[in-house]
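Following: one structure in structure tokens, then a few remarks.
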Amino acid sequence: MIEIKGVSKKFGNIQALSDIHATIQEGEVFGLIGSNGAGKSTLFRILSGILRQDEGEILVDGQAVYENAGGKSLICFLADGSYFLPNTTPGSMGEHYAMFYPKFDKAKYEKNLKEFGIDKNRKMNTFSKGMKKQVSILLGIHSNTKYLFCDETFDGLDPVMRQAVKSLFISEMMKRPFTPVIASHNLRELEDICEHVGLLHKGGILFTKDLDEMKLNLHKVQCVFQNPVSEEEALKNLDILKHEKRGSLLTLVTRGRREKVMQIIQEENPLFAEVLPLTLEEIFISETEVAGYDIKDFIF
Amino acid sequence: MTSKISFFKLVKDDIRQRMWLMAFTSVLFLCIYPVYGAMELENRLASLGAEGAYGVESLKKWVEEFAGSGNFFFAGAASFIAVVSAFSAFAYLHSKDKVDFYHSFPVTRGALYAKAYVSSFFMFVVPFVVSYAMFIAIAAQKSVLPSDVFDMVIRTIAVQVIYFLLIYSVTVVSVMLTGKIIMGVLAAIVFMSYVPVLFFVIDELCSFFVTYTPSVHTGNHLFFSPLGNYFEFVGNCQSGLFSWTRLLLVLLLAVIMIGVGYLLYRFRPLEAAESTLAFQKTGSFIKVLLSVPLSLAVASVMTSSSVHPIKWMAVISVLGTLLLCLTIEFMYHMDIKKIVCGKIGTAVAVFGVMVILFAFYKDIFGYDSYLPKKDKVSQMALLVEEDNGFFVRNADRKYLQANMTDAFGPIYALAEEGAKNTEKALDKEQYFEGKLKEKLRCIIAYKEKKDTTKYRTYYVSRETVKKTVVQMCKNEEYKEKMFGVEKIEPGRESEFYINDILENYGNMDITQEQKRSILGAYKKDFKDISVEQMMEENPIARLEIVDDSFETYMLPVYKENERTLESLKAAGYEIQTSVLQEDVKEMEVIVYDEDTDKPGNRESVTDVEKQQKILELLSYQSDPLFAEHDFNDMEIMVTLKDNRELYFSCNKEKIANILK
């Protein structure tokens with residue numbers, strides 16, 4: 001488990017992180033969402049022990065990370081920048097990682113390189129951005145650390161590769177204790193893999209929630225009521241996050257279990273009522289509006 | 001920290017990654033020692049033939065110079081490798097991507113720091129020892145190794161390794177303090193030159209003081225630069241002045257710098273990568289520390305030949321400080337709009353420069369009026385800048401330290417007169433214009449009871465100087481030390497020159513035995529002649545000796561120095577005391593214009609009788625000790641029959657009477 005307790009970090013006059021509290025449970029895929037400049041990379045660097053927080057505490061399985069080789073050995077960090085040793089090949093990068101991560105699975109790494117169509121003896125400075133990302137991810141996965149931090153790792157991957165990587169993650173999670181933490185500003189990318197998400201905005205964490213739990217408890221309903229009285233009654237009894245009316249068609253985003261929501265609406269004898277699927281984006285938009293943030297502040 | 005085994009894996013991996021450095025170092029050192037060394041050895045062996053045993057000895061001497069610790073060429077190469085090695089080891093700290101990569105691995109900063117040091121050290125020492133050993137083997141095979149080869153090898157390895165560590169560590173600190181490679185390079189340059197520049201500035205500012213004595217403060221400022229110290233040490237080794245004590249102190253300094261580097265690395269915020277400074281809060285402090293001495297240094301250089309140096313130094317220093325501060329702010333932010341940031345630091349720097357200049361110009365420290373209480377002084381020394389060329393010394397500080405005396409009463413009285421002289425500034429100006437007539441320039445050393453020595457320069461009347469010297473020279477030992485005669489030794493390489501009224505001779509072609517004889521005779525004669533005599537009488541010749549360490553002694557020869565004259569005659573150098581009429585071809589009297597001091601009328605003297613009378617007035621051209629040169633003299637030019645021209649000064653009135 002990763003515990004983030006009251007972490008703050010300032011760079012000069014810029015407050016990069018402000019009093020972050022979050023818990024990342026092991027064995028689940030955690031998605032860290034946030035716009036550019038939200039503080040995702042800074043948080044990752046602190047979690048990886050590269051930067052030191054100004055305030056607060058980070059514990060990874062009860063151990064501090066900063067300047068603690070034992071704590072850091074539980075983590076592998078894949079930075080956005082994807083730096084590799086000069087004049088290196090995927091094969092020699094594997095050897096380099098193996099030096100730091102004793103559990104590095106060289107055989108499996110080379111096998112997966114082959115499956116991904118990457119020549120282990122080819123110079124990395126001849127690789128495209130996407131290929132470098134692939135090698136980076138494979139290095140991270142095969143380091144066999146308990147936690148893998150991926151900073152915008154899926155950027156640069158084609159859809160097929162993205163799916164392949166997601167499959168790898170899931171496969172690893174099934175075989176061993178493995179907790180990927182994926183940062184991205186692309187909600188769609190994380191929707192089908194993350195189980196838990198945290199929203200970072202301007203250095204603060206707005207919320208961390210279980211994704212399924214969010215989807216179970218938030219619904220979009222389109223309905224038409226016979227008269228304004230029934231409509232008003234229904235709106236009064238529902239926990240509305242957002243509502244929009246076009247003509248007589250009412251579109252509601254409401255909290256609560258699906259059965260309960262439909263029961264309340266049916267009690268008012270609507271002419272029409274239907275539950276529509278909510279995307280992760282719509283969920284987030286609604287949640288952030290409730291939190292008082294304008295959607296324009298978030299560029300997803 | 002990773003396990004011991006994995007630490008060596010770290011080192012091995014680092015060496016593998018920086019193999020280009022090891023290859024470059026190896027090639028460079030191979031070129032110096034075995035390749036160049038063998039080539040030079042071969043050339044020298046080829047020309048050995050006719051020189052016999054002497055040739056082999058000189059070849060062994062060359063091997064000792066080349067393979068010893070006094071090899072400048074290797075010192076330069078080692079310094080270069082040290083700087084490149086430091087940057088290659090830690091420059092990753094200046095890239096955000098690289099920092100993320102290296103510091104995300106499960107290894108502590110201490111391990112990373114130690115790894116970089118061990119691998120860099122290995123990549124220097126191995127190529128050095130291998131190439132050096134190759135040269136030693138070649139020299140051994142040719143049987144031209146010096147007898148103390150083991151000593152030589154140990155010293156050489158010690159010097160090169162310890163100074164490599166020092167230069168490397170200082171460069172590492174430069175990298176730690178900055179966030180960009182170019183800034184790291186600039187920081188390294190600053191570290192290598194800051195203290196010498198500071199001393200230079202202090203020297204220049206002290207020249208505002210009338211009583212400041214630059215000649216005793218000519219310490220080698222490069223000593224305080226790591227690179228300067230290295231080359232100075234190598235130079236000393238070349239002169240046979242190797243010092244283990246100093247080398248161990250350098251090692252201690254290197255160890256301290258390693259510690260400083262580690263602390264900086266440990267606490268360095270890694271987010272400083274790609275910023276100008278690693279520790280942002282030090283920005284203003286560094287700005288002031290850099291801009292103030294640099295602007296003063298530049299102003300000193302620019303105003304060195306100015307007619308009004310003080311005025312221009314103030315203007316240039318203040319403007320220079322402002323300009324430097326703006327430039328430094330630009331370097332910090334890389335934004336032209338932000339050059340006016342850090343106003344407080346800029347104001348402190350500008351104000352600081354003004355305060356410093358004011359303090360030195362107005363002598364608020366009381367430097368010029370300094371006169372310690374007599375009971376606070378344990379010893380004093382006096383050096384008179386004698387303008388007649390007597391007993392010239394090359395190193396004032398050494399002379400003063402060797403001539404300290406407890407019986408300094410007369411010297412203290414002289415110092416009192418000098419310190420209280422209200423016209424000392426004017427006297428200094430006249431001295432440097434060559435117009436100081438009634439006073440002599442004296443350097444006084446005060447050794448205080450707390451063992452510190454202070455030096456001051458005073459302008460004191462000739463009478464006082466004469467009186468003081470007469471009193472001090474009542475002590476025969478003081479007299480000998482004052483004129484330095486006793487310590488002159490006729491070394492193997494020393495040169496003797498003699499000059500009399502006819503400007504005969506020059507460099508003497510004499511044997512070592514003859515040199516010893518002449519000098520021995522002079523020392524005995526010197527005991528017999530009093531200081532009062534030296535102040536009254538003109539010498540008839542001058543014996544000049546340049547000893548093995550290039551110290552020059554100008555020894556006046558008087559007509560009473562019979563032993564000296566005999567020895568000179570025995571060596572084939574008879575001293576002439578007059579110009580003979582029969583040797584004269586022409587004579588001319590030259591009158592100098594009093595205002596312009598340039599030659600004016602020239603009158604030819606053809607009358608033999610007049611010529612004879614004038615010749616009787618002429619003597620060897622040297623005034624008595626501490627005597628004022630009579631500027632009312634006329635110049636007499638005598639052309640001898642061998643066409644040599646001799647110039648004499650003679651009293652104008654006496655000449656005028658003869659010519660009437």
Exercise. Test B:TYR113 against the stated conditions and say whether it is surrounded by fewer than 23 Cβ atoms within 10 Å (Cβ to Cβ) and within 14 Å of chain A (Cβ to nearest Cβ).
Key: yes
Quiz prompt | Within region A:115-131, considering residues that are assigned to a helix (DSSP H, G or I) and open to solvent by 60 Å² or more (accessible area, probe 1.4 Å), the one farthest from the other protein chains (Cβ to nearest Cβ) | solution = A:GLU115
Quiz item: So which residues in region B:163-208 are open to solvent by less than 40 Å² (accessible area, probe 1.4 Å) and hydroxyl-bearing (Ser, Thr, Tyr), if there are any at all?
Solution: B:TYR163, B:TYR168, B:SER169, B:THR171, B:SER174, B:THR178
Practice problem: Starting from residues that are under 24 Å from the mean Cα position of the chain (by Cα) and among the β-branched types (Val, Ile, Thr), keep the ones in region A:259-284 and report whichever is surrounded by the fewest Cβ atoms within 10 Å (Cβ to Cβ). | Solution: A:THR279
Quiz prompt | Lone qualifier among B:PHE233, B:PHE200, B:PHE242, B:PHE209 - being more than 14 Å from chain A (Cβ to nearest Cβ), in contact (Cβ under 8 Å) with a residue 40 or more places away in the chain and touching a His at 6+ places or on another chain (Cβ under 7 Å) | solution = B:PHE200
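Conditions tested, residue by residue: (1) farther than 30 Å from A:ALA183 by Cβ; (2) open to solvent by less than 20 Å² (accessible area, probe 1.4 Å); (3) in contact (Cβ under 8 Å) with a residue 24 or more places away in the chain; (4) acidic (Asp, Glu).
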site	(1), (2), (3), (4)
A:LEU199	no, yes, yes, no
A:GLY203	no, yes, yes, no
A:ASP212	no, no, no, yes
A:ASN217	no, no, yes, no
A:VAL224	yes, no, yes, no
A:PRO228	yes, no, no, no
A:LYS236	yes, no, no, no
A:LYS245	yes, no, no, no
A:LEU252	yes, yes, yes, no
Quiz item: What do you reckon, is A:ILE170 surrounded by 19 or more Cβ atoms within 10 Å (Cβ to Cβ) and either at pLDDT 90 or above or within 19 Å of the chain's Cα centre (by Cα) (or both)?
Solution: no
Exercise. For region B:62-110, enumerate the residues that are open to solvent by less than 10 Å² (accessible area, probe 1.4 Å) and of a type in the set (D, E, K, R).
Key: B:ASP100, B:ARG109
Self-check item: B:ASP451 charged (D, E, K, R), out of contact with any helix residue (DSSP H, G or I) (no Cβ under 9 Å at 6 or more places or on another chain), more than 30 Å from B:VAL557 (Cβ to Cβ) and in a loop (DSSP other than H, G, I, E, B)
Solution: yes
Practice problem: Scan region B:495-533 for residues that are part of a strand (DSSP E or B) and buried (at least 19 other Cβ atoms within 10 Å of the Cβ) and jot them down. | Solution: B:PHE496, B:ILE498, B:ASN499, B:ASP500
Self-check item: Criterion violated by B:PHE29 - all others in (1) at pLDDT below 95; (2) more than 13 Å from chain A (Cβ to nearest Cβ) satisfied
Solution: (1)
Quiz item: Does B:ALA75 meet the test of being farther than 30 Å from A:PHE104 by Cα, away from chain A (no Cβ under 14 Å), within 36 Å of the chain's Cα centre (by Cα) and not β-branched (Val, Ile, Thr)?
Solution: yes
Self-check item: Given (1) in a loop (DSSP other than H, G, I, E, B); (2) over 25 Å from the mean Cα position of the chain (by Cα), number of the condition B:GLU416 does not satisfy
Solution: (1)
Practice problem: Of the conditions (1) open to solvent by less than 30 Å² (accessible area, probe 1.4 Å); (2) modelled with pLDDT of 90 or more; (3) assigned to a helix (DSSP H, G or I), B:LEU59 clears all except one; give me its number. | Solution: (2)
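Can you pull out the residues in region A:42-59 that are within 11 Å of another protein chain (Cβ to nearest Cβ) and not small (Gly, Ala, Ser)?
The answer is A:THR42, A:PHE44, A:ARG45, A:ILE46, A:LEU47, A:ILE50, A:LEU51, A:ARG52, A:ASP54.
With the structure loaded, tell me whether A:PHE84 is touching a helix residue (DSSP H, G or I) at 6+ places or on another chain (Cβ under 6 Å), surrounded by 23 or more Cβ atoms within 10 Å (Cβ to Cβ), within 27 Å of B:ARG109 (Cβ to Cβ) and aromatic (Phe, Trp, Tyr) or whether it fails that test.
Judged against the criteria, A:PHE84 is not a match.
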Practice problem: Could you run through region B:230-279 and say how many residues are of a type in the set (Asp, Glu) and more than 32 Å from the chain's Cα centre (by Cα)? | Solution: 2
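Listed here are the residues, each with its yes/no results for (1) without any contact (Cβ under 8 Å) to a residue 40 or more places away in the chain; (2) acidic (Asp, Glu); (3) more than 14 Å from every other protein chain (Cβ to nearest Cβ).
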{"site": "B:ALA278", "(1), (2), (3)": "no, no, no"}
{"site": "B:PHE285", "(1), (2), (3)": "no, no, yes"}
{"site": "B:LEU294", "(1), (2), (3)": "no, no, yes"}
{"site": "B:GLU329", "(1), (2), (3)": "no, yes, yes"}
{"site": "B:ILE336", "(1), (2), (3)": "yes, no, yes"}
{"site": "B:CYS341", "(1), (2), (3)": "yes, no, no"}
{"site": "B:VAL355", "(1), (2), (3)": "yes, no, yes"}
Practice problem: Please work out if B:SER104 is within 14 Å of another protein chain (Cβ to nearest Cβ), modelled with pLDDT under 95 and closer than 19 Å to B:ASP13 by Cβ. | Solution: yes
Quiz prompt | Output for region B:116-157, where each listed residue is touching a residue at least 12 places away in the same chain (Cβ under 8 Å), among the aliphatic types (A, V, I, L, M) and open to solvent by 20 Å² or more (accessible area, probe 1.4 Å) | solution = B:VAL118, B:VAL125, B:VAL126, B:VAL129, B:VAL130, B:MET134, B:ILE136, B:ILE138, B:LEU145, B:VAL149, B:VAL153, B:ILE157
Self-check item: Scan of region A:1-55 for residues that are part of a loop (DSSP other than H, G, I, E, B) and among the charged types (D, E, K, R), ordered by number
Solution: A:GLU26, A:GLU28, A:ARG52, A:ASP54
Quiz item: Right, A:SER92: within 13 Å of chain B (Cβ to nearest Cβ) and at negative phi or not?
Solution: yes
Quiz item: Can you spot a residue in region A:70-79 that is outside any strand (DSSP E or B), surrounded by fewer than 16 Cβ atoms within 10 Å (Cβ to Cβ) and facing chain B (nearest Cβ under 10 Å)?
Solution: yes
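Out of the residues in region B:325-346 that are charged (D, E, K, R) and not in a loop (DSSP other than H, G, I, E, B), which is least open to solvent (accessible area, probe 1.4 Å)? Step through it out loud before you land on a result.
Residues of region B:325-346 that are charged (D, E, K, R), as a first pass: B:329, B:335, B:337-338, B:343.
In the following step, the residues that additionally are not in a loop (DSSP other than H, G, I, E, B) were identified as B:329, B:337-338, B:343.
Values: B:GLU329: 8, B:LYS337: 168, B:LYS338: 89, B:LYS343: 143 Å².
Checked region B:325-346; the qualifying residue least open to solvent (accessible area, probe 1.4 Å) is B:GLU329.
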Quiz item: Taking helices (runs of 4 or more DSSP H) that do not extend beyond region B:543-660, which have at least 1 residues that are within 30 Å of B:GLN514 (Cβ to Cβ) and open to solvent by 20 Å² or more (accessible area, probe 1.4 Å)?
Solution: B:562-570
Quiz item: open to solvent by 50 Å² or more (accessible area, probe 1.4 Å), at positive phi and more than 7 Å from every other protein chain (Cβ to nearest Cβ), is that true of A:GLY39?
Solution: no
Practice problem: Identify the residue in region A:99-114 that is within 14 Å of another protein chain (Cβ to nearest Cβ) and buried (at least 18 other Cβ atoms within 10 Å of the Cβ) and, among all such residues, is farthest from B:TYR102 (Cα to Cα). | Solution: A:PHE104
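The values are calculated or read from the model by the stated rules, or taken from the named source; none is laboratory data. Computed from a predicted model, the values in this text were never measured in an experiment. Reconstructed Cβ throughout: ideal geometry from the backbone, glycine too, with neighbour counts over all protein chains shown. Note: areas computed on protein heavy atoms with side chains; ligands, DNA, RNA excluded. Shrake-Rupley method; radii C 1.70, N 1.55, O 1.52, S 1.80 Å.
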